[in-house]
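The structure appears right after this line, and notes come after that.
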Amino acid sequence: MGQINYSIRYFYDSLPDWKKKIDSKPVRFFYRPASFWIASICAKNGIQANTVSYFSALIGIIGCVLYLPTNYWCNIIGALFINFWLVLDCTDGNLARCVKKQPYGEFADAFSSYILVGLMCISIGFAAFCEGGYLLESGNKWLIFLGGIASISDALTRSIYHKYNSVTRELVDKGVIPQQKDERKNHYQRSFIRALFEDQFGLGGFLPLFILLATVFRALDVITIYFVFYFGAELLATVYITLKKAISAQHQYNIP
C-alpha cells in the first residue's frame, strides 16, 4: 500500500455529505477550506489532532484576553483569534477523521470549546461594559451580567447534557433500560435540526463572523445580547429534551 498523499483535496473529499449540507456559508467558503490547508500541513509534519485541539484552546484564551484592554485594535485582534479558533476546530476534525483518531480526542475537542465559550461571553460583555455600543452606553453593568449569564447557560447546557448521557449509560449497563439509539449517527430529524441550528448560528457557524463584525462596528453590546438569546435557547431546549426523555423512560420501563 502506497503512502497516503494528505493533500487539500484529500481532506475535502473525506468530508461527509451531511456535514456539507448543514455547514453555514462562512464555514463552507472560508473556514473549512482554510482548515483543509492547515490539516494538510499538519498531517505531512506529524502534528496530531489532539495537539491542534489543545493549541486551539490557547488561541481561544488569547482571543478572549485581548478583549480585556479598552483598546479597539486589541479587540479586533481578539476577534481574529476567535475566528482562527474555528479554523483550528475544523482542522482537528479533519485530522481525526482522515489521519488518526486519538484517545481522548473528544475530550480535547470539547475542552477547547468549553474554554472558549466560558471566557468569551464574559470577556466580550466586559468589553461592551467599558466601551458601550449601539443599544447600551458604556458603564452599563447589565452588559457584564448578560455576558456572565451567557457563559453560565452554556456551562449548564453541557453539564445537564453529559449528566443525562452518563446516567443513561449506567442504566443501560445495569440492564434497567435497553440500549438507546444514537441519534447523531443516524441523523434523525430532531438531532439533525439541532445540528443545523448549532452549525448555522453557533460557534461552528456564523457566530465568529458576527463577533468580528460587532467588534469592527463597535456593537459589542449587540453581540453580548445575542449570546444570551443563543446560549439561553440552547439551555432551555436541553432542559426540555432531557427531562422529557428521562421522565418518559422512567414511566416506560417502570423505573422506581
For Glu234, Glu198, order by how many other beta-carbon atoms lie within 10 Å, fewest first: Glu198, Glu234
Principal axes of the chain: Cα extent on each, largest first, Å: 57, 57, 27
Extreme residue, positive dipole direction of region 8-252, given options Ile61, Trp142, Gly125 (C-beta unit charges): Ile61
Rg and Dmax of region 197-256, Cα atoms only, in Å: 17.4, 56
Nitroxide proxy distance, nm - points 7 Å out along Cα→Cβ at Lys25 and Ile4: 3.3
Axial C-alpha extent at least 20 Å, average Kyte-Doolittle at least -0.5 - helices from the chain (DSSP): 49-65, 72-98, 105-131, 142-173, 220-252
Unsatisfied cross-links (Cα-Cα over 21 Å) in the set Lys19/Lys100; Lys25/Lys101; Lys19/Lys101; Lys101/Lys245; Lys163/Lys245; Lys20/Lys163: Lys25/Lys101; Lys101/Lys245; Lys20/Lys163
Under DSSP loop assignment and at most 11 Cβ neighbours within 10 Å, longest trypsin sites (Lys or Arg not before Pro)-free interval of the chain: 1-140
Cα→Cβ-extended label distance, 7 Å offset, between Tyr134 and Ser14, nm: 4.1
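Every number here is computed from the coordinates shown, using simple stated rules; none is lab data. Quick caveat: nothing in here was measured; it's all calculated off a predicted structure. Positions of Cβ are backbone-derived with ideal geometry, glycine not excepted, and every protein chain shown enters the neighbour counts.
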